[in-house]
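Reviewing the structure listed below.
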Amino acid sequence: MEDLKNAVMAVCIVSAGVCMIENMVSGTRLKTQMKFLLNLTVVTVLVASFTKGGIAFEMPDFPAYSQPEYTNSQEIYNDEICYQTAENISSVLYEQITSAGINCTEIRAEVNISDDNSIFISKVIISADDFRSAVEIVRNIIGSDTEVVNGMG
């Protein structure tokens with residue numbers, strides 16, 4: 001790290017010197033020749049810093065790929081898919097029940113996804129004023145196999 005600091009310091013000092021000398025010779029005929037020599041000096045300082053081995057870059061160690069992390073990620077992904085699917089189904093059922101004129105305060109769908117990626121709605125919990133009519137609407141939409149539970153008690 002000290003070598004890198006010294007290389008940067010040398011480049012800064014040479015650059016400051018180049019700037020001062022360019023300002024002094026800016027109105028003379030030697031302007032282009034001096035600019036070339038000064039740029040050559042900066043390049044020499046940079047090359048010298050790298051060839052001395054003064055600057056060494058180290059790559060950080062990355063942990064090896066491990067299967068358990070992938071399994072955990074897959075579980076998180078599957079849980080999120082279940083959650084999003086349940087939310088989407090609940091919102092569609094809520095819209096259908098309220099559009100039928102039934103006052104519905106809450107509807108929750110419980111969803112499972114099997115190993116072959118089939119979506120199975122295991123239970124629907126409804127809190128509505130007219131529970132029987134809401135159940136009929138839900139069963140017309142998702143089928144009669146799904147368990148529908150009164151959420152109001």
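Here S99 fits the description: open to solvent by 50 Å² or more (accessible area, probe 1.4 Å) and over 30 Å from Q74 (Cβ atoms).
Scanning the stretch 82-137 for residues that are touching a strand residue (DSSP E or B) at 6+ places or on another chain (Cβ under 6 Å) and in a helix (DSSP H, G or I) yields C82, T85, A86, I89, S90, L93, Y94, I97, T98, F131, A134, V135. Do you know which of the residues in the stretch 142-153 that are open to solvent by 50 Å² or more (accessible area, probe 1.4 Å) and part of a loop (DSSP other than H, G, I, E, B) is nearest to Q74 (Cα to Cα)? This residue is D145. Listed by first and then second residue, the pairs linking a residue in the stretch 117-141 that is open to solvent by less than 60 Å² (accessible area, probe 1.4 Å) to a residue that is of a type in the set (D, E), with Cβ atoms under 6 Å apart and 6 or more places separating them unless they lie on different chains, are S122/E110; K123/E110; K123/E147; S127/E106.
The values are calculated or read from the model by the stated rules, or taken from the named source; none is laboratory data. None of these values were measured; they are calculated from a predicted model. Every residue, glycine as well, gets a Cβ built from its backbone with ideal geometry; the counts of neighbours run over all protein chains shown. These accessible areas exclude ligands, DNA and RNA; they are computed on the full protein's heavy atoms, side chains included. Shrake-Rupley method; radii C 1.70, N 1.55, O 1.52, S 1.80 Å.
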